[in-house]
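The block underneath contains the structure these notes are about, expressed in structure tokens.
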Amino acid sequence: MNWNQLTAKDQIDQIKANSSNQPALIFKHSTRCSISAMAENRLERAWNTEEISTMEIYHLDLIQHRDISDYIASTFNIPHESPQVLIISDGECVYHNSHMGIAYHEIKRIFDSLITA
């Protein structure tokens, strides 16, 4: 996967604005959590760039940037979890899941529904 690193709150505002043209995925990862490492690894191994080539993908290190995670939770009105994946489209969080619920096939299903809508 070719992650874009989230390091500033204004990136969230930019993702929200750009999501009307292109859906975005945010993966919130705790470097201190084995479940988060496993979810990240499963997602990276399954990811197929050719199938989801037009989705911007972002990675957030929760340990270094908890303030950004809190901003994501308040901006999209979703509870904070770790690990957590969110899909942003048209300025809204249209899908989120956490822990072992993070699955490539679900992300692809949502992505496919967004690009055919």
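The values are calculated or read from the model by the stated rules, or taken from the named source; none is laboratory data. Please read these numbers as outputs of a predicted model, since none were measured by experiment. Cβ atoms come from the backbone with ideal geometry, glycine included; neighbour counts cover every protein chain shown. The area values use the complete protein model at the heavy-atom level, side chains included, leaving out ligands, DNA and RNA. Shrake-Rupley method; radii C 1.70, N 1.55, O 1.52, S 1.80 Å.
Considering only LEU60, LEU43, LEU86, the mean-square fluctuation computed in a Gaussian network model of the chain, springs between alpha carbons under 10 angstrom, is largest for LEU43. Based on alpha-carbon centroids, what's the gap between the range 103-117 and the range 15-85 in Å, whole number please? When both Cα centres are located, 15 Å separates them. Electrostatic tally near LEU25: other residues with Cβ closer than 12 Å to its Cβ, Lys and Arg +1, Asp and Glu -1, net 0. Charge tally around ILE107: other residues with Cβ under 15 Å, Lys/Arg +1 each, Asp/Glu -1 each, net -2. Please give the net charge around MET1, taking every other residue with its beta carbon less than 10 angstrom from that of MET1, where Lys and Arg add +1 and Asp and Glu add -1. Every neighbour counted, the sum reads -1. The phi torsions of the range 50-56, fed into the Karplus equation with coefficients 6.51, -1.76 and 1.60 and a -60° offset, translate into couplings of 5, 7, 10, 6, 9, 9, 6 Hz, rounded to whole numbers, with Gly and Pro shown as x. Relative contact order for the chain: 36 percent, from Cα pairs under 8 Å spaced at least 6 residues apart, divided by residue count. Within the listed set GLU51, GLU81, GLU40, the residue fluctuating most in the Gaussian network model of the chain (springs between alpha-carbon atoms under 10 angstrom) is GLU51. For SER30, the residues 5 or more places off, or on other chains, whose built amide H falls under 5 Å of its own are LEU62. Close amide H contacts of GLY91 (hydrogens built in the peptide plane, cut-off under 5 Å, sequence separation of 5 or more or a different chain): SER19, SER20.
With viscosity 1.306 mPa s and temperature 10 °C, the Kirkwood radius over alpha carbon pairs of the chain converts through Stokes-Einstein to a diffusion coefficient of 113 µm²/s.
Under 5 Å between amide hydrogens, built in the peptide plane, is the criterion, and for HIS59 it picks out ASN4, GLN5, LEU6, PHE27 among residues at least 5 positions away or on other chains. Apolar share of the accessible surface for the range 1-46: 41 percent from carbon plus sulfur atoms, 1.4 Å probe. What residue among MET100, ILE12, ILE72 has its Cα farthest toward the positive end of the dipole of the range 1-101, where the charges are +1 on Lys, Arg and -1 on Asp, Glu, each on the Cβ? Toward the positive end, the furthest listed residue is MET100.
For the chain, the solvent-accessible area with a 1.4 angstrom probe is 52 square angstrom per residue. Entry note, the range 62-114: relative contact order of 22 percent, from Cα contacts under 8 Å with a spacing of 6+ residues.
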